[in-house]
Structure formats: structure tokens, C-alpha cells
Amino acid sequence: MDETHPENAGWLKRNKLAIAPWIFLIPALGFFAVYVVLPIFESIWLSFYEWNGLYRPDGTSTATWVGFDNYAKLWGDPKFWISLKNNVLWLVLFMLAVPAGLLIALFLNQTVIGMRLYKSLFFFPFVISQVVVGLIFGWFYNPDFGVVGSVWKALFCEETVNILGNATFRCTRSAPDILSSPEFATYGIIAAGLWPQIAYCMILYLTGLNNVAADQVEAGRLDGAKGWRMLWYVVLPQLRPATFIAVVVTVIGALRSFDMIAIMTQGGPFGSTNVLAYYMYETAISEYGERYGYGSAIATVLFLIMLVYISYFLWRMYQDEKGGR
């Protein structure tokens, strides 16, 4: 082949370093295009139709073009605004995972006996399934046999024993059922979601603390920096990459929250814990008389919100790399 087409062999030889990465990337890009990019455009296209997911006997779709009607319906849909408000609430409260993860990482970065055991215990929430976390907190919040109910009985109830020796409790007020309360259910689910998210941020900060320059810490001590001043002026600037990644994954986790809600409340009570992802699923798949077009409109709105954030994230990353050159 080199003798008949020497110019081709020469081009391949000159560009083999540029071609080699694409040989490994093309399969992954193919899967990404088929299973991520194409479904996104399919969902956006479907949001302009009214469709129940059925086909005629001849194989043609029953979808009807409605234009922007699905988006107009969203504007007047109170369930959509409740879901959007809950997404914002998730986003705000989920950011508590970043400073909490930092504080735990600073504690676990100490050299004391048994620290490996403590690290394993704090790392545990990150490796278990979100479904398991939801079930654990569902039992935790149970007012009858959960931790919340037991603590409530200890604080507000008096135990009495009847003549048969059976113990009963007389309470001044009933224990709160957090997951059945429209006012508190969302906060209870967010608290459950924060448990593994704090563990993830902790791992990021532990990795960052291992890369903190010892000479800068020593220089700070010579200048009299200690405690909060050492943390603020010496340690935190070196943890900027870890903080950036922690914020990014936390925001994305808050926007795509679904599994906790599906396990703990299924959007209830009365739709008060719905978020956009679960409301989309409920509308397009679970609801009687499936509304794929309307569900796709909800998914498109969520996609646009995440697109704005991801674009900002990529722009910031580009600016940081450009400034570091």
C-alpha cells in the first residue's frame, strides 16, 4: 500500500497522533449521539404534538400537531409552577452539601487513631443506592416506629402501665408525619438527598486537601495565619478546583432529582413534592391517558434550564483554562 499510495501513507504517518484519540472516541461518541443527543431532539420535536403513544393499525402515528399549545398550557398549569418552585428549593438547599462536605473533610483530614473507620462511615452514604437512602429515610420519618416517632415519644409523651402490664403512651400532641405534610414533605426529601450528596462533596474535598501545598501552609504559619485565617487565605484558594466541581455536580443533582421523590412520596401529598423530572414522568407515562407531548414540553423546559447552567459552566471552565495559560 505504501508503494502504490505513498502520499496516503505519509499523511497517516504525519497525523497519527491526531487520529489516535478519535479512534477511541468515535465509539463513545456514537453511543452518546444515539442514546442522548437523538432522544433530546426527539423530545423537543414531540413537545409540539398531542400524542397518547398509540399507533394506527397501518403503523402511522396518531400524533396531532399543536404547535406551542403545550407550552401555553404550562403557563397556566399550577402543578408545573409547584414543580418549578420545588426545583428551585432543591437547588438552594442542596448547596448546603458543599460547605458541609468541606467541614467533614477538614475533620477527616486529621491524623488520629481510628480515622480510617470514620472515613468509611462518612463514605458509606455515597456508595449505597438512592433507592435505599429513600427507604431508610422513609422509615426514619415514620411517626409510629421511626426515629422521629421515638424521639417525639421521649420528649412529649408519658408512659403508663395498666393493670395487665401493657405500656401505653399519653402524648400532649401527636408526632408529626413529615412525608404526609404538604408543608414539610419537600424539606424531608431534600434532607434525605443531602446525606449522600454531602458524602460526595466530602470525597472531592478530601482529594483536594491531599494536594494542598505544604510549603504554602508553612509559609502561612510563619506569617501568623491560623484557624479561620489559614483556611480562608491559604487552604480554600487551593481547593478552588474541588469547590468548582462540587458546586457543578450539586446543582446538576438538584435539577435532576427524581428517585428520592419516586420512592418516598410519589409526588404527594397532593402534588406538593413534585419536581419537573417527576412531573414529566407522571404526565407522560404514569398518568391515565398518556400525554407524551405535554410531558415532552416539561422535559424540554427542564433541558433548557440545565442547558443554560451547563453552558455557563463550560464558559467558566474555558475562562479558567485560558487564564491559567
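With the structure loaded, tell me whether ALA63 is within 23 Å of ALA299 (Cα to Cα), crowded, with 16+ Cβ neighbours inside 10 Å and not assigned by TED's automatic domain parsing to the domain that holds PRO241 or whether it fails that test. In short, yes. Which residues, taken from segment 256-303, are of a type in the set (A, V, I, L, M) and closer than 27 Å to SER61 by Cα? Once the filter is applied, which keeps residues that are of a type in the set (A, V, I, L, M) and closer than 27 Å to SER61 by Cα, segment 256-303 yields LEU276, ALA277, MET280, ALA284, ILE285, ALA297, ILE298, ALA299, VAL301, LEU302. Going by the structure shown, is ASN52 surrounded by 10 or more Cβ atoms within 10 Å (Cβ to Cβ), within 35 Å of the chain's Cα centre (by Cα) and modelled with pLDDT of 90 or more? When the stated conditions are applied, ASN52 does not pass them. Checked against the criterion of being touching a Leu at 6+ places or on another chain (Cβ under 9 Å) and basic (Lys, Arg), the candidates ARG229, ARG256 yield just one match: ARG256. Which condition number in (1) modelled with pLDDT under 85; (2) among the hydroxyl-bearing types (Ser, Thr, Tyr); (3) buried (at least 18 other Cβ atoms within 10 Å of the Cβ) is the one that TYR141 fails? Going through (1) modelled with pLDDT under 85; (2) among the hydroxyl-bearing types (Ser, Thr, Tyr); (3) buried (at least 18 other Cβ atoms within 10 Å of the Cβ) one by one, TYR141 breaks only (1).
When VAL147, VAL133 are screened for being on the phi < 0 side of the Ramachandran plot and under 25 Å from the mean Cα position of the chain (by Cα), only VAL133 passes. Looking only at segment 256-276, residues that are within 17 Å of VAL92 (Cα to Cα) and surrounded by fewer than 21 Cβ atoms within 10 Å (Cβ to Cβ) come to 2 in all. Among the candidates VAL127, VAL147, the residue that is out of contact with any Cys (no Cβ under 7 Å at 6 or more places or on another chain), loosely packed, with under 13 Cβ neighbours inside 10 Å and within 24 Å of ARG256 (Cα to Cα) is uniquely VAL127. Number of residues in segment 277-325 that are at pLDDT below 80, under 23 Å from LYS73 (Cα atoms) and outside any helix (DSSP H, G or I) equals 4.
To keep it simple, each residue is scored yes or no on (1) over 30 Å from VAL66 (Cβ atoms); (2) assigned by TED's automatic domain parsing to the domain that holds PRO182; (3) touching a residue at least 24 places away in the same chain (Cβ under 8 Å).
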| residue | (1), (2), (3) |
| --- | --- |
| VAL212 | yes, yes, yes |
| ALA225 | yes, yes, no |
| THR250 | yes, yes, yes |
| SER296 | no, yes, yes |
| PHE313 | yes, yes, yes |
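Going by the structure shown, is GLY267 in contact with a Ser or Thr (Cβ under 7 Å, 6 or more places away or on another chain), closer than 22 Å to ASN86 by Cβ, without any contact (Cβ under 8 Å) to a residue 40 or more places away in the chain and in a helix (DSSP H, G or I)? Please lay out each step first, then the result.
Numbers: in contact with a Ser or Thr (Cβ under 7 Å, 6 or more places away or on another chain): yes; closer than 22 Å to ASN86 by Cβ: yes; without any contact (Cβ under 8 Å) to a residue 40 or more places away in the chain: yes; in a helix (DSSP H, G or I): no.
Criteria not met by GLY267.
Hey, does segment 83-97 have a residue that's more than 28 Å from CYS201 (Cβ to Cβ), out of contact with any Lys or Arg (no Cβ under 9 Å at 6 or more places or on another chain) and small (Gly, Ala, Ser)? Looking through segment 83-97, none of the residues is more than 28 Å from CYS201 (Cβ to Cβ), out of contact with any Lys or Arg (no Cβ under 9 Å at 6 or more places or on another chain) and small (Gly, Ala, Ser).
For segment 106-118, the condition of being buried (at least 17 other Cβ atoms within 10 Å of the Cβ), in the same structural domain as PRO182 (by TED's automatic domain parsing), in a helix (DSSP H, G or I) and not basic (Lys, Arg) holds for at least one residue.
The values are calculated or read from the model by the stated rules, or taken from the named source; none is laboratory data. Remember, it's a predicted structure, so these values are computed and weren't measured experimentally. Please note: Cβ atoms are built from the backbone with ideal geometry, for glycine as well, and neighbour counts cover all protein chains shown.
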